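The values are calculated or read from the model by the stated rules, or taken from the named source; none is laboratory data. Quick caveat: nothing in here was measured; it's all calculated off a predicted structure. No Cβ is skipped: glycine too gets one built from the backbone with ideal geometry, and neighbour counts run over all protein chains shown.
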Amino acid sequence: MKMNKKEKLPLIILFLYPIAASLISLYLKTNFFISILLFFAVPSLFLSIIAKEHVKKTLLFSLMIGIPLSIIIDYIAHFNETWWVTSPFFNFRILGLVPVEDLIWGVLWLYFIIMFYECFIDKHITKKLYTKNTKILVLISLILLVLFFFILMRTPVYLNIPYFYLISGIIIGIIPILAVLLKFPILFAKFLKAASYFFFFNLIYEITALKLGWWEFGGGEFIGWVEILGVKFPFEELFFWMILGTIGVLSYYEFFDDDKK
């Protein structure tokens, strides 16, 4: 990453931060909610302070997309026992399954990725808070949300999807990523830089989470397992979240809310 002296220190801090957050979490045995604040809220706040010009646009995109998709994806995942948040801080679950923390995590995860991307890689300030494509993405999200509730009320058995992580990863991950990168190959190098950092970040977060039991992977079908430092998680978690997750987020962001350059 080419950067000036002012950018180097914040980037060094962000590379060291997940290690510090993990050590603090393991020492204090924090819960899932505190982990979200520690791992995502703190660095997001840090980036918001040093890159105020990106806050409004990034926050709007993260809220509009993060909330509806978190409800749909997390409900189906919990319904299929793909993963399960073991001890939520709040004493109720949305629709009986989705922890409130998952919505907070979804929004902050999107926000952190996009702020990092804009601050250190893209460095482009867009005055408009949203574009025509953003409206299309919001419409798609709302249609999916309505369809989800319709199925949930009428025929919830259709939400029982074998290999849900694999199928959802291909449909909402691989296919959009390929479509965007084939259309705008100039974005690949930029996405790869951001993905490199968040692979490092996500791996530390995953190991910490499983060590402390914030979530677990239950009876859902997976194509394989990965074991590292005494914890075990599905191959899909490694591939679709740790490796491709950031590229997926940025593909949606660039296509629907940015300049595609």
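Okay, residues lined up against (1) in a helix (DSSP H, G or I); (2) among the small types (Gly, Ala, Ser); (3) within 30 Å of Trp225 (Cβ to Cβ):
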site	(1), (2), (3)
Leu145	yes, no, no
Tyr165	yes, no, yes
Gly169	yes, yes, yes
Pro176	yes, no, yes
Leu181	yes, no, yes
Phe188	yes, no, yes
| note | Within region 225-261, the count of residues that are free of Cβ contacts under 8 Å to residues at least 12 places away in the same chain and either touching a Gly at 6+ places or on another chain (Cβ under 6 Å) or not aromatic (Phe, Trp, Tyr) (or both) comes to 1
| remark: Contact list, first residue from region 31-57 and outside any helix (DSSP H, G or I), second anywhere and of a type in the set (A, V, I, L, M, F, W, C) and surrounded by fewer than 17 Cβ atoms within 10 Å (Cβ to Cβ), beta-carbon distance below 6 Å, six or more apart or interchain, is Asn31/Phe89
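Is it the case that Ala209 is under 27 Å from Asn160 (Cα atoms), small (Gly, Ala, Ser) and at pLDDT 95 or above?
Working: under 27 Å from Asn160 (Cα atoms): yes; small (Gly, Ala, Ser): yes; at pLDDT 95 or above: yes.
Yes.
Would a scan of region 120-141 turn up a residue that is touching a Ser or Thr at 6+ places or on another chain (Cβ under 8 Å) and not hydrophobic (A, V, I, L, M, F, W, C)? Write out each step before concluding.
From region 120-141, those touching a Ser or Thr at 6+ places or on another chain (Cβ under 8 Å) are none; that's our starting set.
Checked against the condition, which is being touching a Ser or Thr at 6+ places or on another chain (Cβ under 8 Å) and not hydrophobic (A, V, I, L, M, F, W, C), region 120-141 yields no hits at all.
Test Leu26 against the stated conditions and say whether it is closer than 17 Å to Ala209 by Cα, modelled with pLDDT of 95 or more and assigned to a helix (DSSP H, G or I).
On the way: closer than 17 Å to Ala209 by Cα: yes; modelled with pLDDT of 95 or more: yes; assigned to a helix (DSSP H, G or I): yes.
Considered against the rule, which asks whether it is closer than 17 Å to Ala209 by Cα, modelled with pLDDT of 95 or more and assigned to a helix (DSSP H, G or I), Leu26 comes out as yes.
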| query | within 21 Å of Thr58 (Cβ to Cβ), at pLDDT 95 or above, in a helix (DSSP H, G or I) and not aliphatic (A, V, I, L, M): does that describe Phe150? | reply | no
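Would it be correct to say that Tyr165 is buried (at least 16 other Cβ atoms within 10 Å of the Cβ) and closer than 17 Å to Ser70 by Cα?
Details: buried (at least 16 other Cβ atoms within 10 Å of the Cβ): yes; closer than 17 Å to Ser70 by Cα: yes.
It is true that Tyr165 is buried (at least 16 other Cβ atoms within 10 Å of the Cβ) and closer than 17 Å to Ser70 by Cα.
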| note | Note on region 80-102: residues outside any loop (DSSP other than H, G, I, E, B), in contact (Cβ under 8 Å) with a residue 24 or more places away in the chain and surrounded by fewer than 20 Cβ atoms within 10 Å (Cβ to Cβ) are Trp84
| request: Output the residue which, of all residues in region 224-261 that are assigned to a strand (DSSP E or B) and aliphatic (A, V, I, L, M), is surrounded by the most Cβ atoms within 10 Å (Cβ to Cβ). | output: Val226
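For the subset of region 201-223 comprising residues that are outside any loop (DSSP other than H, G, I, E, B) and among the charged types (D, E, K, R), which member is surrounded by the most Cβ atoms within 10 Å (Cβ to Cβ)? Working first, answer last.
Looking only at region 201-223, we keep the residues that are outside any loop (DSSP other than H, G, I, E, B), and these are 201-212, 215-216.
Retained after the next criterion (residues that are among the charged types (D, E, K, R)): 206, 211, 216.
Numbers: Glu206: 20, Lys211: 15, Glu216: 14.
Checking each candidate, the answer is Glu206.
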